[in-house]
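Readers should treat all values here as calculations from the given coordinates under stated rules, not as data from a laboratory. What you see is a predicted model; the values in this text were computed from it and never measured. In this analysis, Cβ positions are derived from the backbone assuming ideal geometry, glycine residues included, and neighbour counts consider all displayed protein chains.
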Amino acid sequence: MTAVERNDGTVGKALAVLDQIASYGRPVRFGELLAESDMPKATLYRFVQTLTNQGMLQYDPDRQTYAPGLRLVRLAHTAWAQSSLAPVARPHIDALSAETGETVHLAQLDHAQVLYVDKRNARDPVEMFSQAGKVGPAYCTGVGKAMLAFLPEAELETALAQQSWHRFTATTHGSSDSLRRELAEIREDGLSFDREEHETGIVCVAAPILNSQMRPLGALSVTGTTRRTDLDTLRTLGPRLKAAAHAIARDAESWLFPRTSPPPAAHNNGEMSHVRSDP
């Protein structure tokens, strides 16, 4: 597990434990958590017990394993309904999927990564990485590049610094310099492409969902396999994709989305109030 920022305090450490357990994708034993944690055994155990008591984790006494709890499911459903584009976009992605017969993805940026918030499968579904609720890289996905291209420069610089630049395939961008050249083209064209950059055999065309200030709320993509389509064919869907993205942005104008940046520090009588972090 990565080191926890001390100024996040107890809550940040507890969330880091949740992230660690969720990352396994299966129930996990305490010994496995301890082996990868930077926390002392007693501290980690205290967090795990508290999270279990609060319903954020569930414990299987027979297998002696921990897994995300049902309380998280309730919270996730609320977040999906109140904080994502998914409810607004649903009729548009339904129509786009029915019209194209291909897989349609809806995504938003989550701390410089792509969070898939909704998906419609193709008429002939193909197994692929992207699923609603999954997090993927921004620098080598069509939806990710579509959103990065329209970030203000300071935010883009921060986002690029957080990319891994791992080469998943022969066409994956390996540096911010090569990606920046493509982002300039995306801003001109209004479309981005995944040229088998994340998964071999998977290609897509994507469009950003921009608000009235031209800031990205999310992105929409139509994805297919090289077995039955190609980039030239997907490009012909560009006007229809842009129209759907524009319609989602229009419908979202009255929707209040939370900002992803930290909230401003609280003030009391003009003075900054400080919250003490645990050591």
Residue 250 - would you say it is surrounded by fewer than 16 Cβ atoms within 10 Å (Cβ to Cβ), without any contact (Cβ under 8 Å) to a residue 24 or more places away in the chain and either of a type in the set (Gly, Ala, Ser) or under 21 Å from residue 85 (Cβ atoms) (or both)? yes
Select from region 191-215 the residues that are over 17 Å from residue 140 (Cβ atoms) and crowded, with 19+ Cβ neighbours inside 10 Å and list them in ascending order. 207, 209, 210
Looking across region 48-65 at residues that are more than 26 Å from the chain's Cα centre (by Cα) and touching a residue at least 24 places away in the same chain (Cβ under 8 Å), the single one that is farthest from residue 15 (Cα to Cα) is 63
Kindly provide the set of residues from region 99-118 that are surrounded by 23 or more Cβ atoms within 10 Å (Cβ to Cβ), among the acidic types (Asp, Glu) and either in contact with a Leu (Cβ under 6 Å, 6 or more places away or on another chain) or on the phi > 0 side of the Ramachandran plot (or both), ordered by number. none
